[in-house]
Amino acid sequence: MAKASDVKSGNMLRFNGELVQVTEYLHRTPGNLRAFYQAKMRNVRTGKMAEYRFRPDEEVEIARVETKNYQYLYDDGENFVIMDNDSFEQVPIPKHLFGDAAEFLSEGMQVMVAFDENDEPISAEAPSHVELEITYTEPAVKGDTSSGAMKYATLQTGREIKVPLFINQGDKVKVDTRTGEYLERVKD
């Protein structure tokens, strides 16, 4: 057990029997009252946010979380199968842990996965930027050169994004997995 004064933003805590991640942790000293720690926490399983005030001497349980790099192998329907880069062990991970970035995963990509002390996956993170090939897009119409004009293109993962008119089928593009936006064309 640790004291509330030892907690920092980003820590995982066992709070009321649930695993929560501290998103914001502030020390408050209001006027002539006693100091306290104001915590904003997100439940890892449900995603719900909660706020709580800790006394400085209050005991909290900081959970042991192991975060490691894995290689994404394939989609088996309900889960993504990833492989440990050291032991080559294959592990199924629920798709919802990746959020919207799941639509940008392709075979061989490196991902970060966090496991709790019971070896249950609690969070997964795709790279912030990925390079993917355009499998289909309409050719640009000659003379249509208005600045900032965009068209739809389908990536090798099946996701459709907007790209500038000069992008053609077979080009590789860099995409932000957090927003789904085109960043730049990748030169080979």
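Data for the structure
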| quantity | calculated |
| --- | --- |
| Residue selected from segment 87-132 under the condition over 18 Å from Val65 (Cα atoms) and among the acidic types (Asp, Glu), by the criterion surrounded by the most Cβ atoms within 10 Å (Cβ to Cβ) | Glu103 |
| Residues of segment 1-19 that turn out to be farther than 17 Å from Glu58 by Cα and either aliphatic (A, V, I, L, M) or not assigned by TED's automatic domain parsing to the domain that holds Glu58 (or both), as a count | 1 |
| Single condition Val44 does not satisfy, out of (1) among the hydrophobic types (A, V, I, L, M, F, W, C); (2) closer than 14 Å to Glu58 by Cβ; (3) under 19 Å from the mean Cα position of the chain (by Cα) | (2) |
| Residue in segment 136-149 that is in a strand (DSSP E or B), of a type in the set (D, E, K, R), farther than 30 Å from Arg45 by Cα and not assigned by TED's automatic domain parsing to the domain that holds Gly99 present | no |
| Residue tally, condition farther than 15 Å from Asp116 by Cβ, charged (D, E, K, R) and surrounded by 13 or more Cβ atoms within 10 Å (Cβ to Cβ), over segment 25-52 | 1 |
| Within segment 70-113, considering residues that are hydrophobic (A, V, I, L, M, F, W, C), within 22 Å of Glu133 (Cβ to Cβ) and in a helix (DSSP H, G or I), the one modelled with the highest pLDDT | Phe104 |
| So Thr157, is it hydroxyl-bearing (Ser, Thr, Tyr), in a loop (DSSP other than H, G, I, E, B) and closer than 30 Å to Gln90 by Cα | yes |
| Residue check, Gln169 over 29 Å from Asn85 (Cβ atoms) and in contact with a strand residue (DSSP E or B) (Cβ under 9 Å, 6 or more places away or on another chain) | yes |
| Subset of segment 114-126 [assigned to a loop (DSSP other than H, G, I, E, B) and of a type outside the set (S, T, N, Q)] | Asp116, Glu117, Asp119, Glu120, Ala126 |
| Any hit, segment 58-69, residues being loosely packed, with under 13 Cβ neighbours inside 10 Å, over 17 Å from the mean Cα position of the chain (by Cα) and not in a loop (DSSP other than H, G, I, E, B) | yes |
| Any hit, segment 31-50, residues being assigned to a strand (DSSP E or B), polar (S, T, N, Q), touching a residue at least 40 places away in the same chain (Cβ under 8 Å) and out of contact with any helix residue (DSSP H, G or I) (no Cβ under 7 Å at 6 or more places or on another chain) | no |
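The values are calculated or read from the model by the stated rules, or taken from the named source; none is laboratory data. Remember, it's a predicted structure, so these values are computed and weren't measured experimentally. Methodologically, a virtual Cβ is constructed for each residue, glycine included, from the backbone with ideal geometry; neighbour enumeration extends over all protein chains shown.
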